[in-house]
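Derivation of every value follows stated rules applied to the coordinates shown; laboratory data play no part. What you are looking at is a predicted structure, and each value in this text was computed from that prediction instead of being measured. All Cβ positions, even for glycine, are placed from backbone atoms using ideal geometry, and neighbour counts span all protein chains on display.
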Amino acid sequence: MSTEGAAALLISFGSLGTAVVIHAIGELDYDYAPVFRRELAHVWDSGPAPQLILDLAGLTFCDSTGLAELLWTLRRSQETGTRLVLAGVGRTLRHMLTTTGLLRYFTMSASVEEALLDE
C-alpha cells in the first residue's frame with residue numbers, strides 16, 4: 001500500500017480481490033491534481049487491473065482541474081480495459097458531473113463494498 005500526502009490531499013491504494021481501490025481524501029483541485037496524477041500513474045505502471053475503484057467519499061472539494069483528472073483516469077481505464085467505478089461520490093461532485101454532462105460516462109457506486117459486489 002502506498003500513501004502520498006500533501007497538505008490538502010491524501011491518496012492511498014491497495015488491492016481487494018482483483019480490484020485496485022484508490023482512496024482520495026481532501027481536495028482534488030489545481031494545487032493537488034499533480035499528486036493525484038502521480039499516485040495514479042504508480043497504479044497504472046503496476047499493470048492493468050480488471051477493476052479500479054476510486055473511493056471519493058473523503059473528497060471535500062473538486063474543481064475543473066479535478067474533473068479533468070477524473071476524465072484522465074476514465075480514459076486510461078478505457079485504454080487498458082479496466083472497469084472504473086467511482087464510489088462514494090458526494091452531492092456536490094455528482095452535481096458537477098451532471099451539469100457538465102459527464103455523469104453518464106462514469107460507473108457510480110454508493111460505496112467501495114457495493115462496487116466490489118458488482119464486480
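Would you mind getting me the FRET efficiency between Asp45 and Arg91? Use the beta-carbon distance for r and R0 = 25 Å, nearest 0.05.
On the way: r = 33 Å, r/R0 = 1.33.
Once rounded, the FRET efficiency stands at 0.15.
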Q: Just subtract the alpha-carbon distance of Thr60 and Thr107 from 0.36 nm times their residue separation and send over the number in nm, one decimal.
A: 14.9 nm
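Once you have the alpha carbon radius of gyration of segment 62-105, what is it after dividing by 2.2 N^0.38 Å, with N set to its residue count? Intermediate results must be reported in sequence, preceding the final value.
Values: Rg = 10.5 Å, N = 44, 2.2 N^0.38 = 9.3 Å.
Compactness ratio reported: 1.13.
Indicate the gyration tensor shape class of the chain (rounded, prolate or oblate), computed on the Cα atoms with a ≥ b ≥ c the square roots of the eigenvalues: a/c under 1.5 is rounded; otherwise a/b larger than b/c is prolate and the rest oblate.
Working: a/c = 1.39, a/b = 1.11, b/c = 1.26.
Judged from the Cα gyration tensor, the chain comes out rounded (a/c under 1.5).
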